[in-house]
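One structure below.
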Amino acid sequence: MCLAVPMRLVRRDGPVGWAEVQGISREVRLDLVPEVRPGEWLIVHAGYAIEVLDEEEARESLEMALRASEDPGTVGGGP
Amino acid sequence: MEREPIALGHGGGGRMTSDLIREVFLPALANPRLEALGDAARLDPVPGRLAMTTDAFVVSPQDFPGGDIGALAIFGTVNDLAVSGARPVAISAAFILEEGLARDDLERWVASMALAARRCSVEVVTGDTKVVPRGQGDRAYVVTTGLGAVQAGAPPGPEAIREGDEVLVSGPVGDHGAVIAALRNALDPGTLRSDCGPVWDLVEALLAAGATPRFLRDPTRGGLGTVLGEMAEASGLSVEVRDDALPVRPEVAGLCDLLGLDPIFLACEGRVVAVMPSEQAEEALRAWRRLPSGQEATRIGRVVQRAPAPIVRVTPYGGRRLCDVPAAEPLPRIC
Amino acid sequence: MKEWTSGLRDPGRVRGLAAEMAALDPGRPIRLMHVCGTHEHALCAAGIRDLLPEWLTLVAGPGCPVCVCPASEIDLAVRIAALPGVTLATFGDLVRVPARISLAQARTRGADVRVVYGVADAVALARSLPDRTVVFFAVGFETTACTTAAALRASPPDNFQVLSSHRLVPPALQALLDLPGETPDGFLLPGHVLTVTGTKAYEDLLSRRPIPMAVAGFEPLDILQAIRAILEQVRRGRAEVVNAYPRAVREQGNRAAREAIAEVFEAADAPWRGIGTIPGSGLRLRPAFRHRDAGEVFGLAPDPAVQDAPTGCRCGEVLLGRQEPEECPFFGNPCVPDDPMGPCMVAQEGTCAARYRHRRA
């Protein structure tokens, strides 16, 4: 149960914001992410932002996957 | 000054009806056959066979980026003729209006209809207007009939489809459906526009190139997937589609991610699916790509032996999965 | 963001990472369970099962809140929708799920049923229909429950009410672990539920039964990374909760979201379609919000006589991950998404529906 997508916060007005992804935008409620600032990435579920996305972690996990898939040795190899 | 909106009397057949016809429909759709205001339009004979189609337009909202109900009514009708290999000859249009509709809205839609008709070199030769009480309709419905002259080389039909044939689409899929889904779900579609437009030039280009398509269809409601499903059922074969070959605009993909929809089941309003003998596929693509409306034409898959489902999709990762046509319009989901 | 989303879907990387699983072969069959409808969708749509080694199977547990919503609760929503002056708003996922009749059938028969994208749209509907009572039929796990809670805290209009069929994931996992017999070799935890709850509640589960777990996101590489994290635990004989979705999931979860749920709801025993009652797995409105509880306001309760599934349907076993959909004698014939028999086939994200819609060719 968790169709939630990353969207970038374009502007905010109190608990209501406007967020965008791939050129599609909509109003999102920010009640559950009170600290978020425009420009940050949100995870939006059913019209509510449920978390602020950590871009640093996003890049890192991609790099981790990359490193691993380029070099099978890092997963420990076989006996 | 604010003009009086559409009233029940405008559909009563009396003087108010004649006034509306004279003030709104005749000036925009101007042609001698309509201006005759007879009970029926009398047409000159056309050589060869006739094609006839009918369609009802109930789109909501009626105005959307890239078009409106007026343009959609003309292109939808002409496109149904086109994929039957017929050049449009004449169109009839009946309007069912809701009491209270603003004059400006009606005039805008009729003007857009007139523009679309001119683009397709066809005339609206007869029509009708009825008004239903407020609350008994959704602003406006349009019902059309189109007559066309079948051209030489018109495609036979799905029974002509053979294993090994290639499946082409004339441009990105799902633009219209995505725009409408966005508007219905309070999303701003940004620069995305409906693909609402004519496809006759695409059909003509194939015929002019001497290509012999086995089957042509304009995917509307139900999208590309529904057309593929129907042709698979009718031919007793299946269609293998490569997901990474499907032309889908980033905005459409984004909207599908948001609402949990599949772009192949979103409506198009200005695309053609062609099933071609494989040796003609390249030539057909070249013919399409020379046209402004066919620049993004591409090959999406091929006809294969009957599988347990009408559509077999090859994922970008090499997996294969079976895909059926849903019974009803897919709804946005949260799960 | 473009760069990492498309990166997480990159075919070469996905195939590469999937191929690496072979090196983690523990020499016995491994059965991993996910508990999320969106994971099933992602697995099917990308065809990930086709890429995994034969000794590794991925089964779906009770992870679809629409599937586990009992027929008696949908029936209650249908009865409330049929009341004069009521407009019932809910998610698109739910309207075609049959009980005695579905909400879509109720609409055909005259009820005012609207599909909304989220609870905020239902609140806006209540504002635009001041003469009607707008009832939001709320399903979903913690991910969705926090949105319902936030809407109720933000002073919606008086004509807005909620019918809560929300469910909690940890009690269901605990019930799974407490079942006698074989358990899965590992759990893929639902990333967006843990976005709200954090990882702590799942670490507590480990003390009951040590089983490797990993929090999974929803892009193909996210899922594969979580699978690898579990396989590495299996290999080392460890049982931990590894967070393989750190861009969204924090150890403590989203505090504001957890607080919203705690302020508005209290846990209650609740039935799961095809499974039975799981202690403390439901969310009902706290007394301070009872005036928003449509069941209370209209004096209506679920009718226990409404049956969840016909005899012979294996949805219960499928929901528990003990049988594959294909093992059910009804799967595909006559039970199909357009004419479903059990809950797993009715919801779009149901295990059987997803599996049927994306049958492996």
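Can you list the HN-Hα couplings for segment B:99-108, worked out from phi with the Karplus curve (6.51, -1.76, 1.60; θ = phi - 60°), rounded to whole Hz and with x for Gly and Pro?
3, x, 4, 5, 4, 4, 5, 4, 4, 5
Rounded, prolate or oblate for chain B? Axes are the square roots of the Cα gyration tensor eigenvalues, ordered a ≥ b ≥ c, and the cut-off for rounded is a/c under 1.5.
Because a/c hits 1.5 or more and a/b fails to exceed b/c, chain B counts as oblate.
How far, in nm, would the chain grow between B:Asp138 and B:Glu282 when pulled straight, counting 0.36 nm per residue and subtracting the alpha carbon separation?
Stretched fully, the B:Asp138-B:Glu282 segment lengthens by 47.3 nm.
What do you get for the angle between helix B:250-259 and the principal long axis of chain B? Use alpha-carbon atoms, 0 to 90 degrees, nearest ten.
For B:250-259 against chain B, the angle is about 80 degrees.
Along the charge dipole of the protein assembly as shown, Cβ charges K/R +1 and D/E -1, which of C:Gly321, B:Val83, C:Asn333 sits furthest on the positive end?
After comparing all options, I get C:Asn333.
Per residue Cα convex hull volume for the protein assembly as shown, in cubic angstrom?
So the per-residue Cα hull volume is 169 Å³.
I need the calculated FRET efficiency for the pair B:Glu159 and C:Thr57, taking r as the beta carbon distance and R₀ as 41 Å, to the nearest 0.05.
According to the calculation, E is roughly 0.45.
For segment A:4-73, build the charge dipole from Cβ charges (+1 Lys, Arg; -1 Asp, Glu) around the Cα centre, then report which of A:Ala58, A:Ala19, A:Gly39 sits farthest towards its positive end.
Comparing the listed Cα positions along the dipole, A:Ala19 ranks first.
Rounded to the nearest 500, what is the 222 nm mean residue ellipticity of the protein assembly as shown from helices alone, with -39500 (n - 2.57) per DSSP H run of 4+ residues and division by all residues?
Rounded to the nearest 500, it is -9500 deg cm²/dmol.
For C:Ala270, list long-range residues whose amide hydrogen, built 1.01 Å from N in the peptide plane, is under 5 Å from its own amide hydrogen.
Answer set, sorted by chain and number: C:Ile278, C:Gly280, C:Ser281, C:Gly282.
What residues from segment C:1-34 fall in the zone where the backbone N is under 14 Å from a label point 7 Å along the Cα-to-C-beta line of A:Arg59?
Answer for this model: C:1-5.
For segment B:8-150, what is the charge dipole size about the Cα centre, in debye to the nearest 20, if Lys and Arg each add +1 at the Cβ and Asp and Glu each add -1 at the Cβ?
Around 340 debye, computed over segment B:8-150.
Whole angstrom only: what separates the Cα centroid of segment B:147-164 from the Cα centroid of segment C:313-357?
The two parts, judged by their Cα centres, are 40 Å apart.
Between C:Arg286 and C:Arg132, how many nm apart are label points set 7 Å from Cα along the C-beta direction?
Computed distance between label sites C:Arg286 and C:Arg132 equals 3.2 nm.
Evaluate the charge dipole of segment B:158-323 about its Cα centre and quote only its size in Debye, nearest 20, assuming +1 on the Cβ of each Lys and Arg and -1 on the Cβ of each Asp and Glu.
Charge dipole, segment B:158-323, about its Cα centre: 200 debye, nearest 20.
If I take R0 = 25 Å and measure r between the Cβ atoms of C:Ser6 and B:Leu183 in this structure, what FRET efficiency does the formula 1/(1 + (r/R0)^6) give, to the nearest 0.05?
For R0 = 25 Å, the calculated efficiency reads 0.40.
Tell me the label-point distance for the pair B:Leu43, C:Leu206, using the 7 Å Cα-to-Cβ offset, in nm and rounded to one decimal.
In this crude label model, B:Leu43 to C:Leu206 measures out at 7.5 nm.
Between C:Glu296 and C:Ser155, what length in nm is gained on full extension when 0.36 nm per residue of separation is reduced by their alpha carbon distance?
48.9 nm
Based on the Cβ-Cβ distance of B:Lys130 and B:Asp63, what FRET efficiency does E = 1/(1 + (r/R0)^6) give at R0 = 22 Å, to the nearest 0.05?
0.55
How far apart, in nm, are the 7 Å Cα→Cβ label points at C:Arg28 and C:Leu83?
5.5
When the chain is fully extended, how far beyond the present Cα-Cα distance does C:Arg236 get from C:Arg255, taking 0.36 nm per residue of separation?
3.5 nm
Mind listing the long-range amide H neighbours of C:Val59? Cut-off is under 5 Å, sequence gap 5 or more, other chains count too, H placed in the peptide plane at 1.01 Å from N.
Amide H neighbours of C:Val59, under 5 Å, 5+ apart: C:Leu32, C:Met33, C:His34.
Suppose every K and R has +1 on its Cβ and every D and E has -1 on its Cβ; what is the size of the dipole of the protein assembly as shown about the Cα centre, in Debye to the nearest 20?
Computed about the Cα centre, the dipole is about 420 debye.
Out of B:Gln62, B:Phe265, B:Pro277, whose Cα points farthest toward the positive end of the dipole of chain B (charges: +1 Lys, Arg; -1 Asp, Glu; placed on Cβ)?
Going by the charge dipole, the pick is B:Pro277.
Would you mind classifying segment C:62-138 by shape? Square roots of the alpha carbon gyration tensor eigenvalues, ordered a ≥ b ≥ c; an a/c under 1.5 is rounded, otherwise it is prolate if a/b is larger than b/c and oblate if not.
oblate
Which of rounded, prolate, oblate describes segment B:4-78, given a ≥ b ≥ c as roots of the alpha-carbon gyration tensor eigenvalues and a/c under 1.5 marking rounded, otherwise prolate only if a/b is larger than b/c?
Oblate shape, in that a/c is at least 1.5 and b/c is the bigger or equal ratio.
Taking chain C as a Gaussian network, where each spring joins two C-alpha atoms under 10 Å apart, which residue of C:Gly118, C:Gly253, C:Gly85 fluctuates the most?
C:Gly85
FYI, it's all coordinate maths here, none of it is from the lab. None of these values were measured; they are calculated from a predicted model. Reconstructed Cβ throughout: ideal geometry from the backbone, glycine too, with neighbour counts over all protein chains shown.
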